[in-house]
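Enquirer: Handing you this structure, nothing more for now.
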Amino acid sequence: TILSINHKWQHVMRRARKGQPIPRRYPKSNRILQTLAEMTEGKVSNSEAEMKGWLFKWTNYLKGYQRRWFVLSNGLLSYYRNQAEMAHTCRGTISLHGALIHTEDSCTFVISNGGTQTFHIKAANEVERQRWVTALELAKAKAIRAMES
């Protein structure tokens with residue numbers, strides 16, 4: 001059930017933020033929790049923890065959500081108009097260290113640094129949204145651990 005998955009998710013993320021291993025009691029069929037557990041235990045390389053893909057970013061009331069190419073790397077989420085633009089023009093970047101990440105509905109999530117930047121992002125579906133939120137939370141936890149060490 002959604003409530004059960006949400007409870008497991010919160011437990012996993014609390015442990016990940018503290019750098020603790022994830023208990024093996026979670027079913028292997030839950031790929032998100034399994035991947036998170038492997039990443040926090042160091043079984044997945046940092047390069048695999050990076051993520052790239054198309055998402056929709058809220059631009060303004062006239063244009064609404066616009067399709068953008070997002071790249072998650074080294075604790076930063078950056079976006080571009082398209083993949084070709086990556087070589088020369090980043091449209092925006094937000095640091096995940098200290099960022100607040102929360103879901104709004106089945107496809108939408110928000111990332112805010114608590115002051116100057118807020119990204120309203122929509123995925124194509126709920127599974128894709130959860131993939132991104134998982135990767136963002138993991139990258140945030142790693143960025144926090146890196147700053148503390």
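Enquirer: Check Ala143, Ala139 and return the single one that is touching a His at 6+ places or on another chain (Cβ under 8 Å) and either open to solvent by 70 Å² or more (accessible area, probe 1.4 Å) or not in a strand (DSSP E or B) (or both).
Expert: Just one listed residue meets the conditions, Ala143.
Enquirer: Does His97 satisfy being within 25 Å of Met147 (Cα to Cα), at pLDDT 60 or above and over 13 Å from the mean Cα position of the chain (by Cα)? Give the steps one after another, and end with the answer.
Expert: Numbers: within 25 Å of Met147 (Cα to Cα): yes; at pLDDT 60 or above: yes; over 13 Å from the mean Cα position of the chain (by Cα): no.
Judged against the criteria, His97 is not a match.
Enquirer: Scan region 29-44 and tell me whether some residue there is closer than 14 Å to Ala139 by Cα, modelled with pLDDT of 85 or more and not small (Gly, Ala, Ser).
Expert: no
Yes/no matrix, rows are residues, columns are (1) of a type in the set (S, T, N, Q); (2) modelled with pLDDT of 95 or more:
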{"site": "Val71", "(1), (2)": "no, yes"}
{"site": "Asn74", "(1), (2)": "yes, no"}
{"site": "Leu77", "(1), (2)": "no, yes"}
{"site": "Cys107", "(1), (2)": "no, yes"}
{"site": "Ile121", "(1), (2)": "no, yes"}
{"site": "Asn125", "(1), (2)": "yes, yes"}
{"site": "Val133", "(1), (2)": "no, yes"}
{"site": "Ala141", "(1), (2)": "no, no"}
{"site": "Met147", "(1), (2)": "no, no"}
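Enquirer: Looking only at region 93-136, how many residues end up being farther than 20 Å from Trp69 by Cβ and open to solvent by 40 Å² or more (accessible area, probe 1.4 Å)?
Expert: Residues flagged as farther than 20 Å from Trp69 by Cβ and open to solvent by 40 Å² or more (accessible area, probe 1.4 Å) within region 93-136 amount to 13.
Enquirer: Working only within region 45-101, note down all residues that are assigned to a loop (DSSP other than H, G, I, E, B) and more than 18 Å from Asn113 (Cβ to Cβ).
Expert: Across region 45-101, the qualifying residues are Ser45, Glu50, Tyr61, Leu62, Lys63, Arg81, Asn82, Gln83, His88, Thr89.
Enquirer: Inspect all residues belonging to region 79-92 and state whether any of them is farther than 21 Å from Arg145 by Cα, among the acidic types (Asp, Glu) and open to solvent by 70 Å² or more (accessible area, probe 1.4 Å). Reasoning before the result, please.
Expert: So in region 79-92, the residues farther than 21 Å from Arg145 by Cα come out as 79-92.
Adding the requirement that they be among the acidic types (Asp, Glu) leaves 85.
Retained after the next criterion (residues that are open to solvent by 70 Å² or more (accessible area, probe 1.4 Å)): none.
The answer is no, given that none of the residues of region 79-92 is farther than 21 Å from Arg145 by Cα, among the acidic types (Asp, Glu) and open to solvent by 70 Å² or more (accessible area, probe 1.4 Å).
The values are calculated or read from the model by the stated rules, or taken from the named source; none is laboratory data. This structure is a prediction, so every number in the text was calculated from the model and none was measured. Heads up, the Cβs are rebuilt from the backbone with ideal geometry, glycines too, and the neighbour counts pull from every protein chain shown. The area values use the complete protein model at the heavy-atom level, side chains included, leaving out ligands, DNA and RNA. Shrake-Rupley method; radii C 1.70, N 1.55, O 1.52, S 1.80 Å.
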